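The values are calculated or read from the model by the stated rules, or taken from the named source; none is laboratory data. The structure displayed is predicted, hence computed values, not measured ones. Note that each Cβ is placed from the backbone with ideal geometry, even for glycine, and that neighbours are counted across all protein chains shown. Calculation scope for accessible area: heavy atoms of the full protein, side chains included, ligands and nucleic acids excluded. Shrake-Rupley method; radii C 1.70, N 1.55, O 1.52, S 1.80 Å.
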Amino acid sequence: SELMEQGVFASMNQTIDEPVAIELAAKHNVILEVKHRGEGQVQNQAPTEKDIKKQKEKAAEEEERNLEERPPVVCILGHVDHGKTSLLDTIRKANVVKGEAGGITQHIGAYQVTRDNGKITFLDTPGHAAFNKMRARGAQVTDIAILVVAADDGFKPQTDEALKFIKDAGVSLIVAVNKMDVKGANIDQVKTQMQQRDIASEDWGGETITVPVSAIKGDGIDELLEMIQLQAEVLELKANPKAKASGVVIESQLDVGRGPLATVIVQRGTLKVGDAIVCGKEWAKVRAMFDDQGKNLKEAGPATPVRVIGWSGTPDSGSTFKTVKNPREAEAMAEEVADELKKKAATKASEPKEVSVEALFANIAATQAKTLKLVIKSDVYGSAEAVRGMLEGIKSDKVSVEIVANEVGLVTKTDVQRASAAGATILAFNTKLENGVTPQAKHHGVRVESYNIIYELVDAARDMMADLLDPEL
Ligand code: GDP
């Protein structure tokens with residue numbers, strides 16, 4: 001169960017990665033002998049922190065050696081009617097003319113364009129929902145976001161919303177000022193608005209690459225693609241094509257003839273026909289793969305979008321997949337996840353309703369002057385640090401965050417006592433509650449919230465802070 005909490009699904013007689021084994025052994029004071037072929041030396045005592053570090057460094061070095069450049073993954077965001085779809089179509093068409101004849105364009109959720117000096121992958125589902133869904137699941141697929149702003153309309157509410165998503169996700173930004181062919185086009189107005197939003201254009205002394213385009217006439221498209229590639233170079237995007245493939249599901253559907261289909265973007269490694277992959281409660285033995293031209297592929301390397309056939313069911317878009325040893329293992333892992341999900345749903349349904357959140361907040365707000373106190377429990381140290389980092393990154397001059405405790409492990413009754421004494425809320429990240437914690441927390445009026453996705457945890461913390469400001473609401 002500890003492995004599962006780390007996201008490693010392995011049965012009793014299965015091999016696990018050495019660093020994971022070492023870490024677990026150390027945690028339980030188990031003596032682990034690690035002997036590498038040819039080295040001849042045997043470690044006789046429980047590994048020290050230094051040993052663990054060394055192992056991790058070694059793995060990282062090997063990964064580093066195999067890293068190769070990969071294409072950028074780009075998405076297009078912006079206000080409705082500002083030309084996202086037209087831009088995606090124009091870019092795709094420009095490529096098809098240059099590409100091989102005879103390809104039949106298929107909408108699989110993403111496509112790749114080939115230029116003299118490399119490829120670019122575009123997610124072709126415009127819209128914020130898709131972008132956010134990916135992010136909400138913790139999957140960061142996009143490297144560069146193109147924010148489309150119509151030259152005759154300027155920034156609109158959805159443009160600002162998109163900009164916020166892009167900033168929050170820490171994705172590289174390029175602004176495409178579209179509809180430059182229209183009579184009322186006013187690029188200076190757009191640049192002024194960019195300046196007001198702290199994303200001043202490069203030619204106005206800022207850092208944001210800004211490209212005037214016309215999706216309808218095709219003007220500026222080449223420059224836009226060039227800028228994307230320049231930006232990609234700066235980002236030094238790399239991946240290890242030699243690793244076992246893993247990546248993200250972009251979209252999935254049920255096809256009458258071919259069964260469940262899912263488009264995935266490989267992020268690491270190379271996916272091959274015949275590979276067994278697992279994705280949440282679904283799994284697949286890759287029977288065939290197609291690209292956006294309907295072409296049959298035997299392999300797909302990093303940043304390549306492919307439609308995969310051979311699934312047990314339709315996997316959720318935005319969820320991550322990874323390659324495992326064989327279909328049997330994939331099926332077993334998927335089943336395990338399905339069982340977990342069922343159990344979770346059942347306990348959730350049977351849990352009594354919690355004390356009103358508003359009442360709780362009113363209480364906290366009255367006694368603790370505008371400080372959100374938190375007890376955080378995470379699955380592993382890496383998560384604990386990431387959670388702390390993100391929570392401390394929330395900026396507000398009216399409410400502060402105080403992390404009463406930030407530890408690794410299950411949520412225990414001691415945690416509840418501590419939270420109760422401090423007037424804190426318990427946030428559990430990727431970890432579970434010890435037996436009896438729920439009733440005890442209820443008894444003490446301590447709120448315990450569990451999350452598996454870091455952004456959701458952070459968003460919840462942000463909401464809690466906002467609620468502190470306005471306890472009446
Ligand atoms: P979306 O909602 O952002 O995907 O926008 P669309 O791509 O559907 O475009 C909305 C409308 O603007 C359509 O009628 C397009 O034909 C038109 N449009 C898009 N780009 C341009 C452009 O560069 N110039 C002109 N004149 N019209 C454009």
* To do: Show the residues, 5+ positions off or on another chain, whose built amide H is closer than 5 Å to the amide H of Arg115.
  => Ile120
* Structure fact -> To the nearest 0.05, the calculated FRET efficiency linking Ala288 and Glu449 through their beta-carbon distance, R0 being 35 Å, is 0.25
* Mind listing the long-range amide H neighbours of Lys238? Cut-off is under 5 Å, sequence gap 5 or more, other chains count too, H placed in the peptide plane at 1.01 Å from N. => Arg70
* To do: Mind listing the long-range amide H neighbours of Asn178? Cut-off is under 5 Å, sequence gap 5 or more, other chains count too, H placed in the peptide plane at 1.01 Å from N.
  => Val149, Ala150, Ala151, Val213
* Accessible surface, the chain, averaged per residue in Å² (probe 1.4 Å) -> 52 Å²
* To do: Obtain the nm distance between the two label points defined at Glu49 and Val80 by a simple spin-label model: each point lies 7 Å from its Cα along the Cα-to-C-beta direction.
  => 5.5 nm
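Please give the calculated 222 nm ellipticity per residue for the chain, where each DSSP H segment of at least 4 residues contributes -39500 (n - 2.57) and the sum is spread over every residue; nearest 500 deg cm²/dmol? Kindly include the intermediate steps, with their values, before the conclusion.
Details: 14 runs with 175 residues, N = 473.
Theoretical 222 nm ellipticity from helices: -11500 deg cm²/dmol.
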* Go through the stretch 200-209 residue by residue and turn each phi into a ³J(HN,Hα) via Karplus (6.51, -1.76, 1.60, θ = phi - 60°); whole Hz please, and just put x for glycine and proline. => 4, 5, 3, 6, 10, x, x, 10, 7, 5
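Give the ranking of Ile22, Ile394 by solvent-accessible surface, highest area first, calculated with a 1.4 Å probe.
Working: Ile22 5, Ile394 25 Å².
So, going from the largest accessible area down, we get Ile394, Ile22.
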* Roughly how many Å² of Asp89 are accessible to a 1.4 Å probe, to the nearest 10? -> 60 Å²
* **R0 of 60 Å, Cβ-Cβ distance Ser1-Lys183: FRET efficiency to nearest 0.05** => 0.35
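Want the number for Leu469 to Ala405: 0.36 nm per residue separation, take away the alpha-carbon distance, what's left?
Numbers: separation 64, 0.36 × 64 = 23.04 nm, distance 2.29 nm.
Stretched out fully, the Leu469 to Ala405 stretch lengthens by 20.7 nm.
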* Leaving out ligands, DNA and RNA but keeping every protein chain, what accessible area does Asp81 have, in Å² rounded to the nearest 10, with a 1.4 Å probe? -> 120 Å²
* To do: Using only Cα atoms, locate the centre of the stretch 239-273 and the centre of the stretch 406-459, then give the distance between them in Å, rounded to an integer.
  => 36 Å
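Protein chains only, probe 1.4 Å: how do Met227, Met465 rank by accessible area, largest first? Write out the running numbers ahead of the final one.
Working: Met227 55, Met465 10 Å².
These residues rank, largest area first, as Met227, Met465.
Expressed as a whole percentage, what fraction of the accessible surface of the chain belongs to carbon and sulfur atoms when a 1.4 Å probe is rolled over the protein heavy atoms? Don't jump to the answer; show the numbers that get you there.
On the way: 12240 of 24700 Å².
C and S fraction of accessible area: 50 percent.
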* DSSP beta bridges in the chain, what fraction antiparallel, as a percent rounded to 5? -> 50 percent
* Classify the stretch 299-340 as rounded, prolate or oblate from the Cα gyration tensor: take a ≥ b ≥ c as the square roots of its eigenvalues, call it rounded if a/c is under 1.5, otherwise prolate when a/b beats b/c and oblate if not. => prolate
* Once you've got the Cα coordinates, tell me which of Lys179/Lys298; Lys167/Lys322; Lys50/Lys398; Lys164/Lys398 are over 32 Å apart. => Lys179/Lys298; Lys50/Lys398
* To do: Return the aspartates and glutamates within reach of Lys183: Cα separation strictly under 20 angstrom, same-chain partners fewer than 8 residues apart disregarded; answer none if there are no such residues.
  => Asp81, Asp152, Asp153, Asp219
* Asked: Got a sec to turn the phi values of the stretch 309-320 into Karplus ³J(HN,Hα) couplings, 6.51 cos²θ - 1.76 cosθ + 1.60 with θ = phi - 60°, whole Hz, x for Gly and Pro?
  -> 10, x, 7, 6, x, 8, x, 5, 5, x, 8, 9
